[in-house]
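The values are calculated or read from the model by the stated rules, or taken from the named source; none is laboratory data. Note that the coordinates shown come from a computational prediction; the quantities given were computed from them, not determined experimentally. Reconstructed Cβ throughout: ideal geometry from the backbone, glycine too, with neighbour counts over all protein chains shown.
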Amino acid sequence: MILKVMQEQMNVLMNSYPVAFACPGGGEVQLLRTKEFLEKQKVHVELFDQWNPQFESSDLAHYFSVQGGSMNFCGYVSGMGMPLVISPILWPHQPEKYPFREIQNLLNTADLIFPNSQMEADLLARVYDIPLDKFHVTYNGVDDSFITDNSTTEALFRDKFHIDFEFSLCVANIENRKNQILLAQAAKSTQKNVILIGQVRDEEYLRKVKDAGGDYIHYVGALDHFSLELKSAFRACDQFILPSLLETPGLAALEAAAMGCAVAVTVEGSTKEYFGEYVTYIDPLDVRSIEQALENPKFSSDLKLHVSENFNWSRTAEQCIDGYSRLLKK
């Protein structure tokens, strides 16, 4: 394939694994927001259509995730000679739990890798024996609507769901990795109310969470990512809490920070690179650590400014363009 490097406009073909949007989470938000803000900077982006492949009109492919089966697409792209970028969205803190050889081959196939932090780049390079100069950090961002919102009040959420008590808020898919089960145990032992919002990826896990938390766990369902109800929930909570087994760094935590919430987040993953000294860090395997976070919310007046200045989607798009240009030598 001959690169169209003399074109004034970059043409990027984006893709992810086939069922990524069956139960969308942070990775899917990252893909869509990256696309949106690249387009605002005059990059032409198409989502891959397997029924009408757009390879010939694209300068490079940007693939999100390293889920099983990703090599089908990525290997084909590489075989065509088209530059390939991969955003792994991966924190292999226990490499033995991941298909090591498959992921290593996938990362070696990429021409450039876009981790969400330098910490992620260092870990992936070490675990999979990939040269560090093959990584180009593109930080996750937060939407301007969360940063600039000054009008949404807590009343909307409280009235709709009949919430008349103080609570901590956890916005995340309901699944083992998000660790709501230990959060529920901590809520019950401290008698602190916790409201859960999110798509259910594991119905049996949700049942166990409710059993563990008793009257102190309140699941209200999933809310649209840009809904006023979600922003109102951020306004209403005493703090946002995300005790996941790992995060890179957790888009909902960034959004909560942008809304001015006190934030408690897992220490596992790249959270410290994003949140610095402005939040409470949780050991996700220690119920007492979660209990202490529930009992002692930490509010920082500097957190909102820190996040809004350093982690927005416009900057993410600029970082992507820098990486693309590095490949295309524009």
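Could you list, in sequence order, the residues of the stretch 91-106 that are assigned to a helix (DSSP H, G or I) and surrounded by fewer than 22 Cβ atoms within 10 Å (Cβ to Cβ)?
Selection gives 95, 96, 97, 100, 101, 102, 104, 105.
Any residue in the stretch 171-194 that's within 22 Å of residue 259 (Cα to Cα): show its pairings with residues that are of a type in the set (Lys, Arg) and assigned to a helix (DSSP H, G or I) at Cβ separation under 7 Å, as long as the two are six or more apart or on different chains.
From the stretch 171-194, the pairs are 172/178.
Any residue in the stretch 257-269 that is more than 20 Å from the chain's Cα centre (by Cα) and either at pLDDT below 95 or over 25 Å from residue 159 (Cβ atoms) (or both)?
Checked against the condition, which is being more than 20 Å from the chain's Cα centre (by Cα) and either at pLDDT below 95 or over 25 Å from residue 159 (Cβ atoms) (or both), the stretch 257-269 yields no hits at all.
One line per residue, one yes/no per condition, for (1) in contact with a Phe, Trp or Tyr (Cβ under 9 Å, 6 or more places away or on another chain); (2) in a loop (DSSP other than H, G, I, E, B); (3) among the small types (Gly, Ala, Ser):
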| position | (1), (2), (3) |
| --- | --- |
| 281 | yes, no, no |
| 288 | no, no, no |
| 294 | no, no, no |
| 299 | no, yes, no |
| 307 | yes, no, no |
| 314 | yes, no, yes |
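Would you check which residues across the stretch 103-162 are free of Cβ contacts under 8 Å to residues at least 24 places away in the same chain, acidic (Asp, Glu) and not assigned by TED's automatic domain parsing to the domain that holds residue 322 and list them?
If the condition is that a residue be free of Cβ contacts under 8 Å to residues at least 24 places away in the same chain, acidic (Asp, Glu) and not assigned by TED's automatic domain parsing to the domain that holds residue 322, then 159 is the only one that fits.
If residue 84 passes every condition in (1) closer than 13 Å to residue 15 by Cβ; (2) buried (at least 18 other Cβ atoms within 10 Å of the Cβ); (3) touching a residue at least 40 places away in the same chain (Cβ under 8 Å) but one, which one does it miss?
The single condition residue 84 does not satisfy is (3).
I need the strands (runs of 3 or more DSSP E) fully contained in the stretch 7-71, keeping only those with at least 1 residues that are of a type in the set (Gly, Ala, Ser).
Result: 11-16, 60-64.
Give the residue that is surrounded by the most Cβ atoms within 10 Å (Cβ to Cβ), with candidates limited to residues of the stretch 54-77 that are closer than 22 Å to residue 322 by Cα and out of contact with any Pro (no Cβ under 9 Å at 6 or more places or on another chain).
The selected residue is 62.
Checking residue 46 against (1) modelled with pLDDT of 95 or more; (2) within 24 Å of the chain's Cα centre (by Cα); (3) under 25 Å from residue 248 (Cβ atoms): exactly one of these is not met. Which one?
Failed condition: (3).
What's the total number of residues in the stretch 216-231 that are over 21 Å from the mean Cα position of the chain (by Cα) and either outside the structural domain of residue 157 (by TED's automatic domain parsing) or assigned to a helix (DSSP H, G or I) (or both)?
Summing the residues that are over 21 Å from the mean Cα position of the chain (by Cα) and either outside the structural domain of residue 157 (by TED's automatic domain parsing) or assigned to a helix (DSSP H, G or I) (or both) in the stretch 216-231 gives 1.
Quick one: in the stretch 133-146, which of the residues that are over 21 Å from residue 61 (Cα atoms) and among the hydrophobic types (A, V, I, L, M, F, W, C) is farthest from the chain's Cα centre (by Cα)?
146
Looking at the stretch 4-15, can you tell me whether even one residue there is under 16 Å from residue 112 (Cα atoms) and out of contact with any Lys or Arg (no Cβ under 9 Å at 6 or more places or on another chain)?
Within the stretch 4-15 (the criterion being under 16 Å from residue 112 (Cα atoms) and out of contact with any Lys or Arg (no Cβ under 9 Å at 6 or more places or on another chain)), the answer is yes, since at least one residue qualifies.
Identify the single condition in (1) under 19 Å from residue 328 (Cα atoms); (2) in a loop (DSSP other than H, G, I, E, B) that residue 77 does not satisfy, given that it satisfies every other one.
Of the numbered conditions (1) under 19 Å from residue 328 (Cα atoms); (2) in a loop (DSSP other than H, G, I, E, B), the odd one out for residue 77 is (2).
Somewhere in the stretch 262-280, is a residue assigned by TED's automatic domain parsing to the domain that holds residue 199, farther than 21 Å from residue 197 by Cα, surrounded by 18 or more Cβ atoms within 10 Å (Cβ to Cβ) and acidic (Asp, Glu)?
yes
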